[in-house]
């Protein structure tokens, strides 16, 4: 089912509607993302939220099983719709790197995965948000993270084993270096053999 959620608040402060629903660090990420002029995201497990088709986003959330209640999933689906709109409508400069496992890992039906690959391919090809793919084994491949440039400073968030955390300055600098290394090594999405091509 495709979701089309209206903004709960004005475009500049939509994340406030989720302060009672999500942890503090998650809301801080929403806010940083909304104010950012650029974003660099590495994802080890799924296509990053701004790249996700709505049905793929729902399938990813539901794949966690009992980890999320139905109500929490609905809130997360709505928040992801807001985040996609912020990237695509707000002119945010974005760059994404994903682990090759993201292209292999099913989320939902084959139809959903085909549509998700097509969305990622189209977004990459548009030049608005290049997507690259990391192959093989490399340091830090288990950890997803996001880097946002806000008012000239970089704000970093990292998915640890248990929760999302906002990184301190030392860790932020390490993640910036890591992303730059990944971006140099990675293959453009449209050149990767695991990308599903239209039939």
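The values are calculated or read from the model by the stated rules, or taken from the named source; none is laboratory data. All values reported here derive from a predicted model rather than from experimental measurement. Methodologically, a virtual Cβ is constructed for each residue, glycine included, from the backbone with ideal geometry; neighbour enumeration extends over all protein chains shown.
Listed values, structure above:
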quantity: Complete set of residues in the stretch 158-199 that are within 20 Å of residue 138 (Cα to Cα), touching a residue at least 40 places away in the same chain (Cβ under 8 Å), touching a helix residue (DSSP H, G or I) at 6+ places or on another chain (Cβ under 9 Å) and not in a loop (DSSP other than H, G, I, E, B); calculated: 188, 189
quantity: Hits in the stretch 55-77 (condition: in contact with a helix residue (DSSP H, G or I) (Cβ under 7 Å, 6 or more places away or on another chain) and part of a helix (DSSP H, G or I)); calculated: 55, 56, 57, 58, 59, 61, 62, 73, 75, 76, 77
quantity: Where a residue in the stretch 4-21 is at negative phi and surrounded by 14 or more Cβ atoms within 10 Å (Cβ to Cβ) and its partner, wherever it lies, is modelled with pLDDT of 50 or more and part of a loop (DSSP other than H, G, I, E, B), with Cβ under 8 Å and at least six apart; calculated: none
quantity: Hits in the stretch 19-51 (condition: within 15 Å of the chain's Cα centre (by Cα) and not in a helix (DSSP H, G or I)); calculated: 36, 38, 39, 40, 41, 42, 43, 44, 45, 46, 47, 48
quantity: Positions within the stretch 85-114 being surrounded by fewer than 19 Cβ atoms within 10 Å (Cβ to Cβ) and closer than 24 Å to residue 20 by Cα, in sequence order; calculated: 85
quantity: Any chance residue 151 is closer than 26 Å to residue 165 by Cα and either over 15 Å from the mean Cα position of the chain (by Cα) or surrounded by fewer than 17 Cβ atoms within 10 Å (Cβ to Cβ) (or both); calculated: yes
quantity: Qualifying position, being assigned to a helix (DSSP H, G or I) and in contact (Cβ under 8 Å) with a residue 40 or more places away in the chain, among 80, 128, 119; calculated: 119
quantity: Selection within the stretch 159-199 - over 17 Å from residue 94 (Cα atoms) and within 16 Å of the chain's Cα centre (by Cα); calculated: 159, 160, 163, 164, 165, 166
quantity: Residue match in the stretch 102-110 (condition: farther than 20 Å from residue 25 by Cβ, part of a helix (DSSP H, G or I) and in contact with a strand residue (DSSP E or B) (Cβ under 7 Å, 6 or more places away or on another chain)); calculated: yes
